[in-house]
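Bear in mind that the values in this text are calculations on the coordinates, not laboratory data. All values derive from a computational prediction rather than experimental measurement. All Cβ positions, even for glycine, are placed from backbone atoms using ideal geometry, and neighbour counts span all protein chains on display.
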Amino acid sequence: VASEVAAIASKYGVSTQDAAFKSELCDLYASFVYSVLPPGHEDLKGTEVEAIKKFKKALGLDDVDAASMHLAIGRRLYRERLDAFQKLIFVSNLVFGDASDFILPWKHLFGITDYQIDIAMRENAKSLYALELKSIGRGLDIGTLIEVRRIQLAYKLFDEVAADMFKEHAKKLIQENVSSALSILKSNTSAGNIPTEVINEVNSILAFNRLLTVLSKFPQGDRFARGLGPISLAGDFDHDRMVGDLKILYAAYTTEVLSDGRLDDEKLGPLNELRNIFGLGKREAEAIIEGVMSDVKSQVPA
C-alpha cells in the first residue's frame, strides 16, 4: 500500500508531503479507524490495534497527523457513543504506545479524568484477555503460558487483575468437571457402583490442579501467565450452595479409592488434595472418610 500511495502521488505530480494530499490520506485513515472500531454494544476482537498500525504505516502518516484523526473521531464518539469512545481510548493508546501521553490529550480536550481513562483501559483489556482465556483448556503448555503473558502485557492489564481472571478461568474448568461428574452420579441407578466416568472427571480435576501447581514453581515462571497455582473453590459466592454436592462427589471418589478397605499415605494424598480443591473443612473430610471406611468394612464378610 505504501508504494501504491507513493505511485499515486508521483502520477499526479505531488509530494506525499503536500498538504492537500496529506489531508486526503488523513481522511482515509480516519475512515479506516472508525470502521475498525466495533459498535458500542460489541466487544473488541483483538485485531484492531495491529490493523490500524499497519494501515497507518502503509499510508506513511506520522504519529502526530494520525493522532489528530483519533482525536477527531473522539469528538464524534464522545457525543454519540460513550462505549465506543472508551474503546477508542484503549485502541489509540495501544497504537501510539508511550507517545500517547503527549499526542493524545484526552483529559484536556474532553474534560475526563485519569480514573475514567483507567477504566477505559482496564475494562477493554479485561474483555480481550477474557477472550484469550476462553481458548485455554486443561492441557496447558509452556508456549501457551508465555503467549498469554505477552498478550496481557500488550493490553497493559495489571498483573493482579490478570491473575484473578486466570484463577477464575481455572475454577470454571474445574466446575465443569464437577458438574459433569455430579450429573452422571445422580443419574446412576446402579446402587453401590461408582460409574467410571465420575472417577475420570475427578482424576481430571486432580491432574489439572497438579499441573497448575507444578507450573507455578517452574524456573523462569515470571515469563508465564499470572495466576498459576493450586485452585480452591472455597470462598466462591456460591460455595455454600454447592458444598452439599461437593461432599457427595468427595464421598463417591473416597468410596472408589478406599474400596479395598485400606487407607495409607498414597491414598490420603489425593484425598487431601481434593478436599482443598473442593474447599471442604478437615473435619468434614475426615468424617466422610471414616463413614466410607465403616461402610466398606461392614460389607466385608466376617
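If I model a spin label at residue 248 and residue 122 as a point 7 Å from the Cα along the Cα→Cβ vector, what separation in nanometres do I get?
Here the modelled spin labels are 3.9 nm apart.
What's the extension gain from residue 63 to residue 109 if we count 0.36 nm per residue and subtract their Cα-Cα distance?
Here the segment from residue 63 to residue 109 would lengthen by 14.8 nm.
Where the convex hull is taken over the Cα atoms of the range 151-202, what is its projected area averaged over directions, in nm²?
Its average projected convex-hull area is 4.5 nm².
Could you list log10 I(q)/I(0) for the chain at q = 0.09, 0.13, 0.15 Å⁻¹, which the Debye formula gives when each Cα is one point scatterer?
Here log10 of I(q) over I(0) equals -0.63, -0.94, -1.11.
What share of Cα pairs, in percent, lie more than 24 angstrom apart in the range 177-302?
For the range 177-302, the share of Cα pairs beyond 24 Å comes to 33 percent.
Once the Cα atoms of helix 2-11 and of the chain are each reduced to a long axis, what angle between those two axes, in degrees from 0 to 90 to the nearest 10, is obtained?
Around 20 degrees separate the two axes.
If one takes the longest principal axis of the Cα atoms in the chain, at what angle in degrees, from 0 to 90 and to the nearest 10, does the Cα axis of helix 159-187 lie?
40
Straight-line reach only, C-alpha to C-alpha below 20 angstrom: list the aspartates and glutamates that residue 57 could link to, leaving out same-chain residues fewer than 8 apart.
The qualifying aspartates and glutamates are 4, 18, 24, 27, 48, 65, 98.
Taking Cα atoms, how many degrees apart are the long axis of helix 196-216 and the longest axis of the chain, rounded to 10 and kept between 0 and 90?
In the chain, helix 196-216 runs at an angle near 50 degrees to the longest axis.
Quick one: if you stick a label point 7 Å off each Cα along the C-beta vector at residue 272 and residue 297, how many nm between them?
Here the answer is 2.2 nm between the modelled labels.
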